[in-house]
1. Local charge sum around Gly222 (other residues, Cβ-Cβ under 15 Å, Lys/Arg +1, Asp/Glu -1)?
2. How much of the DSSP beta bridge set in the chain is antiparallel, as a percent to the nearest 5?
3. Find how many whole Å separate the alpha carbon centroid of segment 1-52 from the alpha carbon centroid of segment 63-88.
4. Given points 7 Å out from each Cα along the Cα-Cβ axis, report the Phe89 to Lys391 separation in nanometres with one decimal.
5. Around Ser114, under 13 Å between beta carbons, what's the net of Lys plus Arg minus Asp minus Glu among the other residues?
6. If I model a spin label as a point 7 Å beyond the Cα along the Cα-Cβ vector, how far apart are those points for Trp158 and Arg269 in nm?
7. What list of ³J(HN,Hα) values in whole Hz, one per residue of segment 32-39 in order, does the Karplus curve 6.51 cos²θ - 1.76 cosθ + 1.60 (θ = phi - 60°) give from phi, with Gly and Pro shown as x?
8. Which cross-chain or sequence-distant (5 or more) residues have an amide H under 5 Å from the amide H of Met21, H modelled 1.01 Å from N in plane?
Amino acid sequence: MKIISDLHIHSKYSRATSEDMNIPSITRFARIKGLNLVGTGDFTHPKWLEELRELLIPIPEINLYKPAQTQEAPVYYMITSEVSTIFEFRGQVKKIHHMILVPNLEVAAQVNDSLAKYGDLAVDGRPTLNLPAPELVDEVMSISMDNEIIPSHAWTPWFSLFGAFSGFDSVDDCYQDMTRHIHAIETGLSSDPPLNWRLSSLDRFVLVSNSDSHSAWPWRIGREANIFELEVPSYHGIIDAIRKKDLKRFKCTIEVDPSYGKYHWTGHRNCNVSLPPAEAIKLGGRCPVCHRRLTKGVEQRVEELADRPLGFKPEGVVPYLHLLPLSEVIAAVVGVDQPSNSKVWKVYNALVERFGNEFTVLIDVPQEKLLEVVDPRVAEAVIRVREDRIKVIPGYDGVYGKLIIFPEEGERGVAAGLGGEGETSEKRETVRREEARASRLDEFM
């Protein structure tokens, strides 16, 4: 059975998150997207944990859950959360986000009891805990060795393992003797496998990819995902495939081109300065216009730590696909700024109604079949995205990259912002406005 999973999302109890991040909405849009396994997110929040108990039915033999109010083929749920740890290391404050995966709600409650000593779990769906990363791992793994901890969006400048502003230079520095319990690293929107492959120290870890979604709309949920092949879906099957880096079961990750992210190149938004690593390093990290310090991009951060050339591929790695949300591809083709636009929904719905779900459209449907439903430019755009034949002007200093699907014709529009990974207050407000607009478009779905 093919399992397409997004194991890192947030509930309505997390900051800057849509009120529609509830089980019915997540389930609805997961089906439209083509996801059949979703992480619950936020099990550390007491109110969300109570809702999960009410709205999910346990399937004990596979340690997964399904929605109570549905007769359709289930979208399975895995019990997951994300926490933020803040601690001092060698005189510097470190701020790291971590995914936590557990086999059931009973274990989740035990984890909550343990972590409540280090912070108020009711303040945010992604709570802030005052304890070092190694102690977090020790606390969680002492409850059950079936639990799994994965460093979240490992390269985003803030709140990540390798973050330029508050992270570490190695996994071992972050987790110390508890590194033995770390089996995977989340690429996040900031990176993809080729960037991570440049560090030989990461070869021992498998790379996973998830959306970190703050909204259930299909241009957010599942924008990054993992594909497994199991006889039956199960918590232990997924965790075992991750821990063993089993290529027979862990088939690939779905990744957004990291150039599309808002911190890929080094730059200074106020001065419209965007620089690749070599040029930023030549300038000493200073803006050539105002001479203030530039915001260091992920590509430069990778360059600092890399011991391999660009393009190096280790043996035995999980494959990956570069994709973009179908709504954003359509938006770029029809020339609108937001994927919530009614013009986009019309085309999107026609494709999903014909072929079943978004991932089928993006990955499997031949071009001649697409042409039976949509105009040639949309069909060609889908194929170019599938074959990784698009161009992206890299994002920098909070500015998203520009998607160019038809470079031979010049710029053809910018896909909507992806969100997530430490959003600014400005971005949060943008997300809220977008969700308000999109919520009025239910008639199109």
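We did not get these values from a lab; they are worked out from the coordinates using the rules stated. Note that this is a predicted model, so its numbers are computed, not measured. Neighbour counts run over all protein chains shown; Cβ positions are idealised from the backbone, glycine included.
1. Values: positive: Lys2, Arg28, Arg31, Lys33, Arg220, Arg223; negative: Asp6, Glu186, Asp212, Glu224, Glu255, Glu328, Glu358.
Result for the neighbourhood of Gly222: -1.
2. Numbers: 37 of 53 bridges.
Just about 70 percent of them are antiparallel.
3. 6
4. 4.0
5. Values: positive: Lys117; negative: Asp113, Glu135, Asp138, Glu139.
Neighbour charge sum, excluding Ser114 itself: -3.
6. 1.0
7. Rounded to whole hertz, the list is 4, 5, x, 7, 10, 9, 10, x.
8. Here Lys12 satisfy the definition.
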